[in-house]
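Here the structure comes first, spelled out in structure tokens, and everything after it is commentary.
The values are calculated or read from the model by the stated rules, or taken from the named source; none is laboratory data. Being a predicted model, the structure only gives us computed values, none of them experimental. When we count neighbours, we look across all protein chains shown, and the Cβ atoms used for this are built from the backbone with ideal geometry, even at glycine.
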Amino acid sequence: MNLSSPLYVVWETTLDCNAKCIHCYSDALFGRGPAYWSLEESLDLIDQIAEAGVLILALSGGEVLMRPDWENIVEHAASRGLRVTFATNGILVNKKVAKRIAELGVFNVSISFDGAVAETHNAIRGVPNIFEKACKAVQNLTDEGVRVTINYTPMRPNLDEAPALIELAHRLGAEKINLTEYVYTTRGGIELMPTADELGKLLEFWTKAGEHWKDQIEVDWHDCRVGLILPEAEADPYKGCGAGYTHCRITVDHDVTPCVVLPVAVGNLRNQRFMDIWNNAQELKKIRSRDSIQSGNCADCEHKSRCGGCRAASYALYGDAYAGDPTCWIKPEPSLPVSIDVVS
């Protein structure tokens, strides 16, 4: 099945950020500079995305709320019929900002929690008291009736806090907690990455937790193997790696990449239109085809057509988006290097 347009687009609106996360896939930092998109360019991009038939526009950064024109962007996107979501670290979400987010009709706000306790979260995010501010942000948003998702990225420093994170998300009033796999394509390194076995055990727990908590909070996760684990997902045509298929990312440099954590540019919006790239980029056509995977554990896996492995993890470890998936516990890679330089 081919999609005429992505279901959702993640737009990296800025690299300016008020946190110093050790694992940031955008390599964002305070002082990285202003947004790389002018407001005029931003509104035109939103028009292109809306005209393409995209359902969801997910604003990311950096820190979205550090853009002085974030309200203009959200307002225009909503006026074009896009369902707007965005990710924030929560530092700037005071009561006034939360009220404005609600007024603008933002569908969902995602706040990352990298630990269930302040010590872990603050250390990973590199900012004192950011845990307290994130908790307060959730409260401010839920008080205004805004849906909140808590994002959890499992890494070696926080693997054992998964159960407590679900409890925290429920206690704070979030509608959902979502697990997203750590891929070290920019900041961070292999030392933060869980082993395939650790990831498999975590996702086994996460699946059971979803059933246990189903009447209280949605416990969700994004992984190409979800259709192999959850029986109800078997008939869903969108399971498996959705890079360049169900979604794509647009960077501050105007590049289009197949996935948020796969930094392979397939076109640039300074000299191309969005749908021209989506329909005609050869690299996108290649990544949509499971037949492009010719080496490693994914190449001859019986689940290749329904899963496809994580192409970003392949790229991070081997510099090849069509190699094996080092994060797979179902059919592990036969050998992995002890250490590796991150692909830049």
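Listing for the model above:
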{"item": "Selection count where residues are buried (at least 22 other Cβ atoms within 10 Å of the Cβ) and closer than 24 Å to Cys241 by Cα, scope region 151-178", "result": "3"}
{"item": "Subset of region 17-42 that is assigned to a loop (DSSP other than H, G, I, E, B) and of a type in the set (D, E, K, R) - its residue that is modelled with the lowest pLDDT", "result": "Arg32"}
{"item": "Members of region 285-314 found to be buried (at least 23 other Cβ atoms within 10 Å of the Cβ), of a type outside the set (Gly, Ala, Ser) and either touching a residue at least 60 places away in the same chain (Cβ under 8 Å) or within 30 Å of Gln48 (Cβ to Cβ) (or both), listed by number", "result": "Ile287, Cys307, Cys310, Arg311"}
{"item": "Unique match (being more than 27 Å from Glu41 (Cα to Cα), free of Cβ contacts under 8 Å to residues at least 60 places away in the same chain and of a type outside the set (Asp, Glu)) among Ala134, Ala78, Ala102, Ala98", "result": "Ala134"}
{"item": "Single residue of region 112-145 satisfying the filter (surrounded by 20 or more Cβ atoms within 10 Å (Cβ to Cβ) and closer than 16 Å to Ile217 by Cβ) that is nearest to the chain's Cα centre (by Cα)", "result": "Phe113"}
{"item": "Helices (runs of 4 or more DSSP H) fully within region 49-140 counting 2 or more residues that are at pLDDT 95 or above, in contact with a strand residue (DSSP E or B) (Cβ under 8 Å, 6 or more places away or on another chain) and of a type in the set (A, V, I, L, M)", "result": "70-79"}
{"item": "Matching entry among Ile73, Ile49 (being in contact with a Phe, Trp or Tyr (Cβ under 8 Å, 6 or more places away or on another chain) and closer than 24 Å to Phe274 by Cα)", "result": "Ile49"}
{"item": "Helices (runs of 4 or more DSSP H) lying entirely in region 156-264 (those with 1 or more residues that are among the charged types (D, E, K, R) and modelled with pLDDT of 90 or more)", "result": "162-172, 196-212"}
{"item": "In region 265-284, residue nearest to the chain's Cα centre (by Cα) [restricted to those that are in a loop (DSSP other than H, G, I, E, B) and exposed (fewer than 14 other Cβ atoms within 10 Å of the Cβ)]", "result": "Arg270"}
{"item": "Extreme residue, farthest from Asp215 (Cα to Cα), among residues of region 158-182 that are in contact with a Leu (Cβ under 7 Å, 6 or more places away or on another chain) and of a type outside the set (Phe, Trp, Tyr)", "result": "Leu159"}
{"item": "Qualifying residue in region 323-330 (condition: surrounded by fewer than 20 Cβ atoms within 10 Å (Cβ to Cβ) and either at pLDDT 90 or above or closer than 28 Å to Asp27 by Cβ (or both))", "result": "no"}
{"item": "Count - residues of region 308-330 that are in a loop (DSSP other than H, G, I, E, B) and more than 10 Å from Cys298 (Cβ to Cβ)", "result": "7"}
{"item": "From the options Ala98, Ala50, residue that is within 23 Å of Thr149 (Cα to Cα), touching a helix residue (DSSP H, G or I) at 6+ places or on another chain (Cβ under 8 Å) and of a type in the set (Gly, Ala, Ser)", "result": "Ala98"}
{"item": "Selection from region 206-223 of residues that are of a type outside the set (Val, Ile, Thr), in contact (Cβ under 8 Å) with a residue 40 or more places away in the chain and more than 15 Å from Thr153 (Cα to Cα)", "result": "Ala209, Trp213, Gln216, Glu218"}
{"item": "Residues being hydroxyl-bearing (Ser, Thr, Tyr) and crowded, with 23+ Cβ neighbours inside 10 Å - total across region 80-103", "result": "1"}
